[in-house]
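Following: one structure in structure tokens, then a few remarks.
The values are calculated or read from the model by the stated rules, or taken from the named source; none is laboratory data. Remember, it's a predicted structure, so these values are computed and weren't measured experimentally. Cβ sites come from the backbone with ideal geometry, for glycine too, and all protein chains shown count toward neighbours.
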Amino acid sequence: MAQELNVSISTVSKALKDSYEIGEETRERIKAFAKQKGYRPNNIALSLKNKKTKTIGVIIPDVLHYFFALVINGIEQIAMQQGYNVVVALSNESFEKEVVNLETLAGGLIDGFIMSLSRETLKNQDYHHINETIRQGMPVVLFDRIVPEIECDKVIVDDVKGAYDATTLLISKGKQQILLLTTQDFVNVGRLRAQGYIKAFQDNGLPLDNDLIIKTVDTQNSDNDMSILEKNIERAIRENDKINGIFAVNEIYAGAALKVLKKLSIAVPEKVSIICFTDGLISKYSSPTLTTVKQHGEEIGKVAATKLIDRLEKEDEEESVFKEYVIKTTIVEREST
């Protein structure tokens, strides 16, 4: 900016801090230029990079899904063993909140981050805040919701295979009209699980029916979203009485399906079988209990924390190769199938 405006670097710095040492006209000119170029002060660059806090920042999209609680528990276990503290922040599926959390925690409080991206970040496809964090020398590990545009270590499950196995289980039990409850396509886990569902149909020679795929629109109003989902499930079942299986990409969607089936007096699993991802409390304590694709969230947390701490402890070593770690899923069969 100094070069473009033909002023000194210190003048730019002072103008951006509203210093009285810089004339108002020059201040406004520099601030207008900065705004036009999308400049924002970076707390990471301003922090004392050589001082370590032995603290890990964890940013998760929501607290509704039991999966994230399991991941945090795994992170905590490894962090405690290695003498690190953990600070957890919530993005509430908001891009802006995710950026604020990242910048706030990076301002001298955190040595590195473990993150799962918000839905709005995935929808916007804007990852500048995370890439800038990495460029400033602060390691990041992504889990669950990841994208190739961010170069860092990543920990995931094989979503395609997990969904394939789940759908195949239903097909093996004679279920061929299987309703899929998934997310919008920009959420990578939902998209990948839908691919696994489709592949299972193709490999078993079954025709695909787009009317059997319900994509839940995220409005960041969970109560309203779930109400809409329940109505969509009920409509699909009323319009197609041959539906005999439901595969949900998370257990909250499965819980909504179970609620609708009970309302319609449809027996589970006699008439309709249900399987879902996560294996959390809803699955274990619903009635009937739900068959699940277990993601091993605690193991994901342990691997993510281990890889981040390895980066922090070996920061002086040149290690530019980032890796993607895949945790195997397993099916836990319960009453719903």
Contact list, first residue from the stretch 79-107 and within 15 Å of residue 124 (Cβ to Cβ) and touching a residue at least 40 places away in the same chain (Cβ under 8 Å), second anywhere and aliphatic (A, V, I, L, M) and part of a helix (DSSP H, G or I), beta-carbon distance below 8 Å, six or more apart or interchain, is 102/130
Checklist line | Boolean, residue 186 is under 23 Å from residue 62 (Cβ atoms), among the aromatic types (Phe, Trp, Tyr) and in the same structural domain as residue 275 (by TED's automatic domain parsing) | finding: yes
The residue from 182, 168 that alone is modelled with pLDDT of 95 or more, assigned to a strand (DSSP E or B) and either under 24 Å from residue 279 (Cβ atoms) or aromatic (Phe, Trp, Tyr) (or both) is 182
Here the residues within the stretch 1-43 that are among the acidic types (Asp, Glu) and on the phi > 0 side of the Ramachandran plot are 18
Out of (1) modelled with pLDDT under 95; (2) surrounded by 13 or more Cβ atoms within 10 Å (Cβ to Cβ); (3) in a helix (DSSP H, G or I); (4) not charged (D, E, K, R), the one residue 10 does not meet is (2)
Expected output for the stretch 3-17 (first residue under 15 Å from residue 31 (Cβ atoms) and of a type in the set (S, T, N, Q), partner surrounded by fewer than 17 Cβ atoms within 10 Å (Cβ to Cβ) and at pLDDT 90 or above, Cβ below 8 Å, 6+ apart or cross-chain) is 11/2; 11/26
- [ ] Tell me, please, whether a residue that is touching a strand residue (DSSP E or B) at 6+ places or on another chain (Cβ under 9 Å), modelled with pLDDT of 95 or more and crowded, with 20+ Cβ neighbours inside 10 Å can be found in the stretch 264-271.
- [x] yes
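Go through the stretch 276-289 and report how many residues are hydrophobic (A, V, I, L, M, F, W, C), surrounded by 14 or more Cβ atoms within 10 Å (Cβ to Cβ) and more than 17 Å from residue 236 (Cβ to Cβ).
2
Given the condition in contact with a His (Cβ under 9 Å, 6 or more places away or on another chain) and either buried (at least 21 other Cβ atoms within 10 Å of the Cβ) or within 21 Å of residue 72 (Cβ to Cβ) (or both), answer yes or no: does some residue in the stretch 129-136 qualify?
no
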Flagged in the stretch 137-152 as over 28 Å from residue 225 (Cα atoms) and surrounded by 18 or more Cβ atoms within 10 Å (Cβ to Cβ), in numbering order, are 138, 139, 140, 141, 152
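Rundown of residues vs (1) in contact (Cβ under 8 Å) with a residue 24 or more places away in the chain; (2) within 26 Å of the chain's Cα centre (by Cα), yes/no style:
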| site | (1), (2) |
| --- | --- |
| 273 | yes, no |
| 276 | yes, yes |
| 280 | yes, yes |
| 292 | yes, yes |
| 301 | yes, yes |
| 306 | yes, yes |
| 314 | no, no |
| 326 | yes, yes |
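Table: residues versus (1) in contact with a Phe, Trp or Tyr (Cβ under 9 Å, 6 or more places away or on another chain); (2) touching a residue at least 24 places away in the same chain (Cβ under 8 Å); (3) not polar (S, T, N, Q).
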position	(1), (2), (3)
228	no, no, yes
236	no, yes, yes
243	no, yes, yes
249	yes, yes, yes
259	no, yes, yes
